[in-house]
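Some notes on the structure that comes next.
The values are calculated or read from the model by the stated rules, or taken from the named source; none is laboratory data. Fair warning: this is a prediction, and the values are worked out from it, not measured in the lab. We place every Cβ from the backbone using ideal geometry, glycine too, and count neighbours over all the protein chains shown. Accessible surface is based on the protein model in full, side chains and every heavy atom, while ligands, DNA and RNA are left aside. Shrake-Rupley method; radii C 1.70, N 1.55, O 1.52, S 1.80 Å.
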Amino acid sequence: MATATRPLDLDVRREAVYGRKYVWELPIRITHWVNVITITLMFATGLYITFPQLAPAGEPYKHFVMGRVREIHFAAGMVFLFSFLFRVYWFYVGSNYARSGFPFVWRASWWRDLSRQSLAYLKLERGHVHLGHNALAGLTYTIFVIGLGWAQIITGLALYSETKPGGFWDHVTGWVIPLLGGSFRVHMWHHLFAWGFLVFFVIHLYIVLFDSHQYRNGLISSIVSGYKFYEKGDIDNDRWVS
């Protein structure tokens, strides 16, 4: 598959001004990788809970495999909850890049950036440079990470509350079960939302690799180091975030 790239002009390249900017702060990088690990654990253990194909033979009282799997699932879910809430907190107290990509649907500049970036991806072109998230990335994160994240947290805690009727989580999220039509339906919604994360992972991985090739700005390494590279004028394209 061919990809559109800019022609190599050695004279222009010689005069181009390059720099390095600290974009992703440490809390953003930590929560990113914590979410990656916990979501992977929850997805894997959730599949086992739903389809325990590797259940050991023999009397159940001699084994505690399902119990351990559920224990890992719940523990990963709690870690994800705190990481998720901390990332929401850092949205307000972090740098401008911590808020980049937020869907400002009431701003014409956001819609222009969304259509411009979408068209660039469809044409497999380089597009406009953003050191933070562009409008399309921000919309995707809002739907798949924030939206699905809250859906998984609420339904997951509702199911967890069934382990202790009348307990704390039962009082906080127990209302979800009758609202959605019973425990079985909550399980089905929780399971369906989990596959949404898999869809997001495929899209996210493709876009990250695509952008890394197109922009050559250290996108992949930036989620480890926090730094991205830019040419003169690139930072200007993030002004719509302010």
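From the set of residues in segment 200-214 that are of a type in the set (Phe, Trp, Tyr) and within 11 Å of the chain's Cα centre (by Cα), which is farthest from Ser118 (Cα to Cα)? Talk me through it step by step, then tell me what you get.
Just the residues of segment 200-214 that are of a type in the set (Phe, Trp, Tyr), to begin with: 200-201, 206, 210.
Those still in the list that are within 11 Å of the chain's Cα centre (by Cα) too: 200-201.
Working: Phe200: 16, Phe201: 18 Å.
The qualifying residue farthest from Ser118 (Cα to Cα) is Phe201.
Of a type outside the set (A, V, I, L, M, F, W, C), surrounded by fewer than 18 Cβ atoms within 10 Å (Cβ to Cβ), out of contact with any strand residue (DSSP E or B) (no Cβ under 7 Å at 6 or more places or on another chain) and farther than 27 Å from Thr155 by Cα, is that true of Glu71? Give the steps one after another, and end with the answer.
Values: of a type outside the set (A, V, I, L, M, F, W, C): yes; surrounded by fewer than 18 Cβ atoms within 10 Å (Cβ to Cβ): yes; out of contact with any strand residue (DSSP E or B) (no Cβ under 7 Å at 6 or more places or on another chain): yes; farther than 27 Å from Thr155 by Cα: no.
In short, no.
Determine whether Tyr89 is surrounded by 17 or more Cβ atoms within 10 Å (Cβ to Cβ), over 16 Å from Leu41 (Cβ atoms) and over 15 Å from the mean Cα position of the chain (by Cα).
Details: surrounded by 17 or more Cβ atoms within 10 Å (Cβ to Cβ): no; over 16 Å from Leu41 (Cβ atoms): yes; over 15 Å from the mean Cα position of the chain (by Cα): yes.
So Tyr89 does not fit the description; no.
Take Phe64 and tell me if it is of a type in the set (A, V, I, L, M, F, W, C) and modelled with pLDDT of 85 or more. Full working, then the answer.
Numbers: of a type in the set (A, V, I, L, M, F, W, C): yes; modelled with pLDDT of 85 or more: no.
Answer is no for this residue.
Are there any helices (runs of 4 or more DSSP H) wholly within segment 123-242 with 2 or more residues that are exposed (fewer than 13 other Cβ atoms within 10 Å of the Cβ) and in contact (Cβ under 8 Å) with a residue 24 or more places away in the chain, and if so which? Explain how you work it out, then say what you get.
Numbers: elements: 135-140, 148-161, 168-173, 176-179, 183-215, 219-225.
By residue number, 183-215.
With respect to the numbered conditions (1) open to solvent by 40 Å² or more (accessible area, probe 1.4 Å); (2) modelled with pLDDT of 90 or more; (3) of a type outside the set (Lys, Arg), which one is the sole condition not fulfilled by Pro27?
(1)
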